[in-house]
Structures are given as C-alpha cells and as structure tokens.
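Please treat every number below as a calculation from the coordinates, not as lab data. The structure displayed is predicted, hence computed values, not measured ones. Cβ sites come from the backbone with ideal geometry, for glycine too, and all protein chains shown count toward neighbours.
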Protein chains: 2
Amino acid sequence: MERHFHEQLRHLRHRLIVMGAAVENAIADSVKALSTPDDLIAGEVIGREDGINRMEMEIDDLCLMLLALHQPMAVDLRFITSAMKINNDLERMADHSVNIAQASLKISGSRFAGPLGMISEMAEIAQGMVRDSLQSFIDEDAEQAREVCSRDDRVDRLDDEVFKQMVTWINGDSNLMPAAMAAVLISKNLERIADLSTNIAEEVIFIVQARNIKHHQEDGEIVDMRSK
Amino acid sequence: MERHFHEQLRHLRHRLIVMGAAVENAIADSVKALSTPDDLIAGEVIGREDGINRMEMEIDDLCLMLLALHQPMAVDLRFITSAMKINNDLERMADHSVNIAQASLKISGSRFAGPLGMISEMAEIAQGMVRDSLQSFIDEDAEQAREVCSRDDRVDRLDDEVFKQMVTWINGDSNLMPAAMAAVLISKNLERIADLSTNIAEEVIFIVQARNIKHHQEDGEIVDMRSK
C-alpha cells in the first residue's frame with residue numbers, strides 16, 4: 001500500500017509536468033500566431049484547449065483518489081492539495097493563451113501592429129516562469145521558487161510599458177484603436193500568466209517551510225503549515 | 001466522531017461566509033474610495049488585507065485538518081477540496097480590491113475623472129456575484145450558480161466599454177492618460193473579481209453533479225465526479 005502510494009505520487013508529479021509542458025506550448029504558440037499570416041497556429045492553440053481541460057480533470061481526480069484511498073498526513077496532504085491548486089492555475093494559464101490566440105484571429109489578415117518585441121519578451125519570461133515554478137514544486141526547491149517570484153516585476157513593467165506605448169501611439173489617430181486594444185489585452189493576458197506562475201512559486205515556499213517545521217518536530221501531528 | 005465532523009463542516013461553511021462578507025466590503029469600499037476626497041477609505045481597504053490573508057490561512061488549515069482527521073469520502077471530500085479552491089479565489093478578490101484602492105491613492109487629491117457610473121455598476125454586479133456564488137456553494141444550489149455565471153457577460157461588456165470610452169477620451173489630450181489608465185486598470189480588476197466568482201459558481205455545479213451521481217449509485221465508491 002505504502003509503495004503503491006509513492007508510485008501514484010510519482011505519477012501525479014509526471015502528469016503535472018506533462019500538463020505544464022502543454023501550457024508552455026500554448027503560450028509560445030499563441031504569441032507565435034501574432035506574427036504568422038494565416039490562422040493555422042491560432043486555431044491549433046484553441047483546438048488544444050479541450051485536451052488541457054481533460055488533463056486538469058484527470059489530475060484533479062487523481063488527487064481526490066489519493067486523498068480518499070491513502071489518507072495522507074501533514075506534508076503529503078499539503079503536497080496533494082497544493083497539486084490541486086497548481087493544476088487549477090495551469091488550466092487558467094491555458095485559458096489566457098486561448099484569449100491571446102483569439103485576439104490574434106481578430107487581427108488576422110493584417111500584420112500585428114503592436115509592440116511585438118515587448119510582447120515576445122513577456123511571453124518568453126512567462127514560459128520560463130511556468131516551467132521553473134513547476135520544477136521548483138517537483139523538486140521542493142524554495143530557493144528556485146523565490147527566484148521565479150522575482151521575475152514577475154519585469155513582466156509587470158513590460159505590461160505598463162505596452163499600455164503607455166499604445167496610448168501614445170493611438171494619440172491623434174483613432175483608426176489605430178483596435179490594434180492598440182489587441183496589444184493591451186494580449187499584454188494583460190501574459191501578465192496574468194506570470195502572476196499565476198508566481199502563485200505556484202509561493203505555494204512551493206509554503207510546502208518547503210512545512211517540511212522544515214515537520215523535520216524539527218518530535219511527532220507527526222498536524223501543525224500550522226503556513227508561516228507567510 | 002461523525003457528529004463532530006458535521007459540526008466542523010458547519011464551522012467551515014460559517015468561516016467561508018465571514019470571509020466572503022469581508023471580501024464584499026473590500027470591493028465596495030475600494031470603489032467608494034474613488035469618489036471620496038481623502039485617503040481614509042482606500043487606506044482602510046489596504047489595512048484590512050492582512051486580516052483577510054489570515055482568514056485564508058485559517059480556513060486552509062481547517063480544511064487540511066478535516067481531511068487529515070476524518071478522511072472524508074466522495075462528496076464530502078469534494079466539498080472540502082472545493083472549499084480550499086474557493087478560499088483561494090476569495091483571497092485573490094481581496095487582492096484585486098487592494099489594487100483598486102492603490103489606484104485610488106494614486107489619483108488622490110484630484111477627483112476621479114473616469115466613468116464612475118460604469119465602474120460603480122461593475123462593482124455592484126461583482127459584489128452580488130461574490131455573495132450569491134458563495135451562497136450557492138453553501139446551499140449546493142446549481143441553479144443559482146448557473147444564474148451567477150450568466151451575469152459575467154454584462155461585466156465583460158462594461159469592461160470593454162470603459163476601455164473604448166477611455167481611448168476616445170484621451171484622443172487629442174495626452175494629459176488625460178494617467179486618469180484614463182487608472183480607470184482601465186480599475187475596470188480590469190473588477191472584471192477579474194467577476195471572473196473569480198464565476199469560477200466559484202462553476203465549482204458548485206461540479207459538486208451538485210457529483211452529489212446527484214452519488215445519489216444514483218448503489219455503493220459509495222469514488223466516481224469520476226466531473227462531467228464538464
């Protein structure tokens with residue numbers, strides 16, 4: 001039973017990594033769609049949403065099953081409930097990628113006139129944050145998690161910069177408004193993805209603190225596992 | 001033990017309602033701060049954030065304790081894990097209220113020049129969505145939950161409208177940019193609060209479906225509780 005439990009925990013970690021990779025691809029492709037003339041890539045991102053939703057449900061059911069059948073205590077319990085929250089966050093990131101892909105379809109035919117350099121930089125940082133926050137969860141590495149949180153500021157600054165630049169850009173020519181609006185919305189979606197990665201990293205810091213508290217305790221009783 | 005468990009579940013429901021009321025007040029006050037000349041109300045919203053964060057931790061610990069000590073099955077298990085997700089969503093709504101209060105401090109001294117009518121309508125709808133989504137969770141009322149989801153469209157439309165109006169407004173006078181930016185950011189925060197309430201309502205629909213499935217089953221074994 002105990003061995004079986006640890007195999008299933010390994011399976012859970014593996015499924016989260018697969019889910020995270022799918023989300024990373026969705027982010028990358030949704031932004032790639034902005035600079036491609038046809039709707040192929042945007043359509044693909046939207047088409048893959050169902051699969052990601054199914055992954056979320058599967059991971060959620062796996063967590064419920066682990067909770068119901070194995071009645072884990074303390075840190076294992078926290079690990080599984082955190083996995084449920086992280087799973088939820090990953091699915092929301094996929095939603096934001098779909099929003100970006102839909103914005104890309106709206107401007108389809110005409111070249112994206114927004115600040116593609118800044119948008120691409122935001123997307124790259126966000127992808128790295130998704131990957132590394134998830135890896136910090138798997139490795140229970142609080143130091144890596146803190147480093148992920150620190151990258152959020154750059155994304156926030158870029159998001160502000162996109163907004164300011166677009167407002168200046170449309171000044172005097174309201175025909176540019178739809179393109180500017182698309183850029184601002186895309187930027188906001190990337191900013192939300194970075195925020196959700198920060199949530200994951202913060203969750204990791206909790207778990208590691210809990211493990212440390214447990215480590216210094218004589219017995220295995222439930223303790224207040226949060227010292228935020 | 002069984003009776004104790006149901007008392008603790010009642011306590012959990014009560015704590016969520018108290019948390020929801022605190023979040024509702026934070027939303028109302030953050031928007032009220034926009035039309036008051038001093039910084040008192042905005043400061044209060046920001047000052048109450050710590051208390052809401054503590055409530056979140058307390059509810060989270062209560063859920064973990066219920067999971068660890070009572071090993072609930074099927075629908076009770078789903079109820080508690082859903083409570084953890086909803087708790088998380090409520091805390092994020094409080095964060096959005098703090099963002100609004102901070103935006104209000106930035107424009108402090110000068111009257112808020114944004115479309116206060118639309119912003120106030122968004123805030124009112126969002127507050128109602130928070131209250132009713134939480135109530136639908138307590139009552140396990142899928143019909144009410146569906147009705148809450150349907151209100152999200154109006155908030156999305158108002159958010160678009162604020163954006164368009166602000167872009168038109170600043171056209172030709174870039175001095176208006178900071179005020180327009182504040183209005184757009186406040187609107188986006190309210191839109192996110194409505195979105196998070198929709199998440200809660202969707203979670204309720206899951207739970208009620210699960211209870212119906214259980215109701216039609218001969219035994220109490222774990223079933224796939226999602227049919228989204």
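Computed values, structure above
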read-out	value
222 nm mean residue ellipticity, helices alone, for the protein assembly as shown (DSSP H n ≥ 4; -39,500 (n - 2.57); rounded to 500)	-28500 deg cm²/dmol
Simple spin-label estimate for residue A:7 and residue A:153 in nanometres, 7 Å along Cα-Cβ	4.8
Fewest-first ranking of B:45, B:98, using other Cβ atoms within 10 Å as the exposure measure	B:98, B:45
Cα→Cβ-extended label distance, 7 Å offset, between residue A:161 and residue B:144, nm	4.8
Rg and Dmax of the protein assembly as shown, Cα atoms only, in Å	22.4, 71
Shortest-first distances to equivalent copies, position residue A:128, nm, label 7 Å out along Cβ	4.6
For residue A:18, inter-copy label distances in nm, listed shortest first [label point 7 Å out on the Cα-Cβ vector]	4.3
Sorted by Cβ neighbour density within 10 Å, fewest at the top, the residues B:85, B:164, B:188	B:164, B:85, B:188
Cβ nearest the rotation axis (B onto A), residue from chain B and distance to the nearest whole Å	B:71, 2
C-alpha center-to-center spacing [segment B:126-143, segment A:1-62] in angstrom	30
Label 7 Å beyond Cα on the Cβ vector: residue B:69 copy-to-copy distances, nm	2.7
Spatially near lysine pairs across segment A:2-215, Cα under 21 Å, sequence gap of 8 or more or different chains	4
Cα-Cα pairs of chain A separated by more than 22 Å (percent)	55
Relative exposure of A:158, B:69, judged by other C-beta atoms within 10 Å (fewest first)	B:69, A:158
With Cα atoms, 0 to 90° folded angle of helix B:2-32 axis to chain B main axis	10
Segment A:2-215 - percent relative contact order, Cα under 8 Å, separation 6 or more	27
Per residue convex hull volume, Cα atoms of segment B:1-136, in Å³	88
